[in-house]
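To start, the structure under review is shown below, and the notes come after it.
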Protein chains: 2
Amino acid sequence: MKILVLGGDGYLGWPTAMYFSNRNNEVAVVDNFIKRKWEMEVGASPLIPIANLHERVKVWKDISGNEIKIYIGDLTNDRFVGKVFADFRPEVIVHYGEQPSAPFSMIGNEKAVETQVNNVVGTLNVLFSMKRSCPNSHLIKLGTMGEYGTPNIDIEEGWINIEHKGRKDRVLFPKRAGSFYHLTKIHDSNNIEFGCRVWGLKATDLNQGPVYGIETEETKRHELLCTSFHYDEVFGTALNRFCVQAVAGTAVTPYGKGGQTRGYINIIDTIRCIELAVLNPAEKGEFRVFNQFTEVFSVNELAALVKEQGEKMGLSVKIENIQNPRKEAEEHYYNPVHTRLLDLGLQPHKLDNVLLDSMLKRIIEFKDKINLDVIMPKVRWENKPNN
Amino acid sequence: MKILVLGGDGYLGWPTAMYFSNRNNEVAVVDNFIKRKWEMEVGASPLIPIANLHERVKVWKDISGNEIKIYIGDLTNDRFVGKVFADFRPEVIVHYGEQPSAPFSMIGNEKAVETQVNNVVGTLNVLFSMKRSCPNSHLIKLGTMGEYGTPNIDIEEGWINIEHKGRKDRVLFPKRAGSFYHLTKIHDSNNIEFGCRVWGLKATDLNQGPVYGIETEETKRHELLCTSFHYDEVFGTALNRFCVQAVAGTAVTPYGKGGQTRGYINIIDTIRCIELAVLNPAEKGEFRVFNQFTEVFSVNELAALVKEQGEKMGLSVKIENIQNPRKEAEEHYYNPVHTRLLDLGLQPHKLDNVLLDSMLKRIIEFKDKINLDVIMPKVRWENKPNN
């Protein structure tokens with residue numbers, strides 16, 4: 001199958017590209033490396049040094065014999081996107097190519113605008129290019145569970161059957177996001193649903209929980225094939241940050257009361273979910289939504305797991321709940337449905353001691369490279385004078 | 001009160017500015033005249049020639065003795081918006097400053113992107129400027145009833161109390177728009193609700209139906225004070241188009257089966273609704289939504305009303321349903337709630353024979369200027385090869 005991975009230089013994009021390349025697909029990746037620039041702006045870098053995309057593609061070819069094609073350019077440039085689609089004619093588009101950080105989008109006016117334009121315009125251009133060049137292709141779009149917020153009702157998978165004043169309809173599940181970044185994913189979902197409804201496009205919107213993990217079968221094949229692992233306040237997610245704090249010997253710091261509860265997923269399962277979506281595509285005109293996570297934890301529970309496993313390994317781990325830089329419910333109901341990917345055959349790799357052990361060990365190898373200055377939160381959700 | 005009207009050069013913005021100026025408010029308008037450029041692009045111009053904004057402001061001062069301040073610039077420029085807010089320090093912001101046409105947004109890739117960036121970024125910059133310079137000001141934002149689509153349940157005013165699997169919550173009403181333009185209004189609503197929730201801003205989101213009418217008390221005070229009346233396929237709404245077709249002696253052309261049903265509102269009532277929102281502001285942190293229309297008609301009903309009144313006036317009017325350029329339900333349930341503005345005191349000016357009579361007479365004065373080339377639809381919602 002011809003698979004185009006947008007954001008193919010990134011944490012998930014690169015291992016996804018190798019995974020499909022390893023399974024007899026023709027794979028191309030698109031990236032403009034703007035994420036690297038954003039990392040520079042906030043002073044963050046991945047814990048484990050990563051080779052540039054050209055080098056990785058070359059190593060991958062040497063090891064696997066398979067070519068991964070590179071297109072370098074910006075998804076917000078409609079002519080570039082048009083050319084890539086007309087040239088490669090993908091059957092599947094896996095779209096990770098967006099600004100992925102909530103705190104980054106909350107730095108201030110400029111970053112909020114940059115995030116919304118980057119994400120919304122990129123996805124619009126993808127929809128138009130699909131319509132023009134490959135109307136039967138299947139878009140697999142990475143969204144986030146954060147689109148839903150934390151409603152007091154069970155969260156369904158994208159759509160909900162509603163009964164109101166004696167009448168019924170199936171409607172899009174009401175969403176209420178927690179940052180300008182999360183809002184872009186809602187905007188995208190609405191634009192994509194329109195493309196499916198009006199143009200007959202096929203799309204799977206994956207509302208994914210925070211991803212953790214460092215390695216996949218493919219990244220382990222060569223040191224130069226590893227993917228970017230972030231632990232800073234801007235690009236690192238909670239579990240990754242906590243593990244690095246435990247290794248560094250500083251306190252593990254849940255935000256606020258720590259009752260914030262989310263669905264989490266292992267990087268291995270993320271890629272398997274993409275594969276399940278590829279193998280079982282959406283129908284023509286269908287806007288399909290899967291809630292993509294395997295286990296639910298509060299941040300306090302995550303911190304406790306890291307402490308427990310860290311101490312088994314001889315680390316001294318303390319937990320210190322700090323003032324929450326975000327504005328969010330710190331105690332809330334949370335019961336999202338997530339059966340559709342399980343029905344397709346997903347067999348979750350759960351967050352157990354073995355996995356935590358291997359993550360911590362990998363981080364210990366790079367302990368000297370940990371930059372403690374980038375972990376504690378500086379970006380705040382509420383009023384600051386000059387942003 | 002200090003009232004800032006965004007999009008103050010436009011069809012609704014200009015009469016709104018005069019209305020408040022006439023009632024002892026300090027009024028400033030913001031515009032960048034890009035709507036005039038868009039009109040050029042599609043070859044449309046208002047039926048009744050309109051003076052430029054500087055001339056109108058001067059005539060208004062001569063007649064009323066009141067100054068309206070002009071800020072010329074682009075809402076997508078965060079520095080410009082910041083300067084306007086820091087300088088004028090509005091207590092109320094009436095935000096009409098967006099690309100207002102569904103067909104324009106459906107011309108192709110470029111126009112879809114231009115529409116979404118213009119509308120979403122402009123509104124984001126307004127939110128940030130409110131937060132920085134006047135966190136207690138009240139944003140009155142023009143949205144559209146078209147955000148809701150045509151669900152099979154009653155449409156509530158922005159929020160809905162939902163019971164699901166035995167639990168309850170009040171959530172944003174699920175929306176499903178019919179064009180990339182309508183989608184921008186959903187994106188805006190979501191961004192604004194976030195600004196209220198996280199920063200404590202005050203906002204009233206007016207989900208307005210199509211507006212008809214040519215004159216207000218203020219525009220009638222001098223020929224040079226009139227506002228732009230559009231009847232073309234891109235910027236003209238159904239009733240305006242139908243009236244012009246009746247006067248021109250060509251068939252009145254509802255799209256498709258003509259069962260598309262919408263809530264309509266007179267321009268006089270639009271401005272009164274804004275006033276009611278100004279006088280009864282949202283609370284701190286409140287995202288309040290009003291459905292702003294006074295009567296519900298199908299397009300076939302509108303066409304029949306125009307035919308009836310036109311024939312009373314001696315015009316020969318025929319109706320010809322044409323192929324629908326849009327993709328939309330042509331027969332559907334439609335029962336939107338719209339009690340909140342009535343509760344605040346709105347007394348609707350309904351679409352009756354007197355009003356239609358005066359609209360048709362005004363159009364007859366300018367019959368020679370009608371350009372028949374711009375009325376029939378060329379922009380189509382479904383697949384075309386090269387857009």
Six or more apart or on different chains, Cβ under 7 Å: which pairs go from a residue in segment A:125-153 that's free of Cβ contacts under 8 Å to residues at least 40 places away in the same chain and under 30 Å from B:Arg167 (Cα atoms) to one that's β-branched (Val, Ile, Thr) and open to solvent by 20 Å² or more (accessible area, probe 1.4 Å)? Could you list them? none
Test set (1) more than 9 Å from chain A (Cβ to nearest Cβ); (2) over 22 Å from A:Arg170 (Cβ atoms); (3) surrounded by fewer than 24 Cβ atoms within 10 Å (Cβ to Cβ); (4) not basic (Lys, Arg) - B:Phe128 fails condition number: (1)
I need every pair where a residue in segment A:264-281 that is on the phi > 0 side of the Ramachandran plot has its Cβ under 9 Å from the Cβ of a residue that is among the polar types (S, T, N, Q) and surrounded by fewer than 23 Cβ atoms within 10 Å (Cβ to Cβ), sequence separation at least 6 or different chains. none
Would you mind stating whether B:Cys196 is under 19 Å from B:Val94 (Cβ atoms), of a type outside the set (Ser, Thr, Tyr) and out of contact with any strand residue (DSSP E or B) (no Cβ under 8 Å at 6 or more places or on another chain)? no
Only one of (1) in contact with a Leu (Cβ under 8 Å, 6 or more places away or on another chain); (2) assigned to a helix (DSSP H, G or I); (3) open to solvent by less than 10 Å² (accessible area, probe 1.4 Å) fails for A:Ala303. Which number is that? (1)
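So that you can scan it fast, the table gives a plain yes or no per residue for (1) open to solvent by 10 Å² or more (accessible area, probe 1.4 Å); (2) among the basic types (Lys, Arg); (3) in contact (Cβ under 8 Å) with a residue 40 or more places away in the chain:
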site: A:Met1; (1), (2), (3): yes, no, yes
site: A:Gly10; (1), (2), (3): yes, no, yes
site: A:Trp14; (1), (2), (3): no, no, yes
site: A:Val29; (1), (2), (3): no, no, yes
site: A:Asn32; (1), (2), (3): yes, no, yes
site: A:Pro46; (1), (2), (3): yes, no, yes
site: A:Arg56; (1), (2), (3): no, yes, yes
site: A:Asp62; (1), (2), (3): yes, no, no
Among residues of segment A:277-298 being within 24 Å of A:Trp199 (Cβ to Cβ), in contact with a helix residue (DSSP H, G or I) (Cβ under 7 Å, 6 or more places away or on another chain) and in a loop (DSSP other than H, G, I, E, B), the residue least open to solvent (accessible area, probe 1.4 Å) is A:Gly285
Return the residues of segment B:366-387 that are more than 14 Å from every other protein chain (Cβ to nearest Cβ) and free of Cβ contacts under 8 Å to residues at least 24 places away in the same chain; say none if nothing qualifies. B:Asp368
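Out of curiosity, is B:Ile70 open to solvent by 10 Å² or more (accessible area, probe 1.4 Å) and either within 28 Å of B:Pro325 (Cβ to Cβ) or among the basic types (Lys, Arg) (or both)? Before you say what the answer is, go through the steps one by one.
Working: open to solvent by 10 Å² or more (accessible area, probe 1.4 Å): yes; either within 28 Å of B:Pro325 (Cβ to Cβ) or among the basic types (Lys, Arg) (or both): no.
The answer is no for B:Ile70.
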Failed condition for A:Glu91, given (1) open to solvent by 10 Å² or more (accessible area, probe 1.4 Å); (2) within 11 Å of chain B (Cβ to nearest Cβ); (3) over 24 Å from A:Phe235 (Cα atoms), with all others met? (2)
Reported set for segment A:190-213 where residues are touching a Leu at 6+ places or on another chain (Cβ under 7 Å) and within 8 Å of chain B (Cβ to nearest Cβ) is A:Asn190, A:Asn191, A:Glu193, A:Phe194
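Looking only at segment B:174-189, filter to residues that are open to solvent by 20 Å² or more (accessible area, probe 1.4 Å) and not basic (Lys, Arg); which one of those is farthest from the other protein chains (Cβ to nearest Cβ)?
That would be B:Tyr181.
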All but one of (1) more than 27 Å from A:Tyr181 (Cβ to Cβ); (2) part of a loop (DSSP other than H, G, I, E, B); (3) open to solvent by less than 30 Å² (accessible area, probe 1.4 Å) hold for A:Gln347; which doesn't? (3)
Residue check: is B:Val113 under 22 Å from the mean Cα position of the chain (by Cα), within 30 Å of B:Glu147 (Cα to Cα) and without any contact (Cβ under 8 Å) to a residue 12 or more places away in the chain? yes
Could you tell me how many of the residues in segment A:16-27 are among the aromatic types (Phe, Trp, Tyr) and surrounded by fewer than 22 Cβ atoms within 10 Å (Cβ to Cβ)? 0
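With segment B:1-102 as the region, which helices (runs of 4 or more DSSP H) entirely inside it contain at least 2 residues that are among the charged types (D, E, K, R) and within 23 Å of the chain's Cα centre (by Cα)?
Once the helices (runs of 4 or more DSSP H) in segment B:1-102 are filtered for at least 2 residues that are among the charged types (D, E, K, R) and within 23 Å of the chain's Cα centre (by Cα), what remains is B:34-42.
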For A:Thr184, state whether it is of a type in the set (S, T, N, Q), within 26 Å of A:Ile68 (Cα to Cα) and under 20 Å from the mean Cα position of the chain (by Cα). no
Looking at B:Ile274, B:Ile268 in this structure, which one is open to solvent by 50 Å² or more (accessible area, probe 1.4 Å) and within 20 Å of B:Tyr96 (Cα to Cα)? B:Ile268
Just a yes or no: is a residue in segment B:222-243 without any contact (Cβ under 8 Å) to a residue 12 or more places away in the chain, more than 14 Å from every other protein chain (Cβ to nearest Cβ) and of a type outside the set (Val, Ile, Thr)? yes
Please specify each residue of segment B:320-337 satisfying the condition of being assigned to a loop (DSSP other than H, G, I, E, B) and open to solvent by less than 50 Å² (accessible area, probe 1.4 Å). B:Asn324, B:Pro325, B:Ala329, B:Glu330, B:His332, B:Tyr334, B:Val337
Failed item, numbered, when A:Val317 is tested on (1) surrounded by fewer than 17 Cβ atoms within 10 Å (Cβ to Cβ); (2) over 22 Å from the mean Cα position of the chain (by Cα); (3) at pLDDT 95 or above; (4) part of a loop (DSSP other than H, G, I, E, B): (1)
Of all the residues that make up segment B:96-120, how many are within 8 Å of chain A (Cβ to nearest Cβ) and surrounded by 24 or more Cβ atoms within 10 Å (Cβ to Cβ)? 3
Report the residue count in segment A:250-288 for those that are among the hydrophobic types (A, V, I, L, M, F, W, C) and under 15 Å from the mean Cα position of the chain (by Cα). 6
Please specify each residue of segment B:260-288 satisfying the condition of being among the basic types (Lys, Arg) and more than 20 Å from B:Glu217 (Cα to Cα). B:Arg262, B:Lys284, B:Arg288
Filtering segment B:151-173 down to residues that are surrounded by 20 or more Cβ atoms within 10 Å (Cβ to Cβ), more than 21 Å from B:Val120 (Cβ to Cβ) and more than 9 Å from chain A (Cβ to nearest Cβ) yields B:Ile155
Determine, yes or no, whether B:Gly258 is buried (at least 18 other Cβ atoms within 10 Å of the Cβ) and touching a Ser or Thr at 6+ places or on another chain (Cβ under 7 Å). yes
Quick check: is even one residue across segment B:133-147 more than 30 Å from A:Asp169 (Cα to Cα) and facing chain A (nearest Cβ under 10 Å)? yes
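The values are calculated or read from the model by the stated rules, or taken from the named source; none is laboratory data. Since the model is a prediction, treat every value here as computed from it, not as a measurement. Glycine gets a Cβ as well: all are built from the backbone with ideal geometry, and neighbour counts include every protein chain shown. With ligands, DNA and RNA removed, areas are computed over all heavy atoms of the protein, side chains included. Shrake-Rupley method; radii C 1.70, N 1.55, O 1.52, S 1.80 Å.
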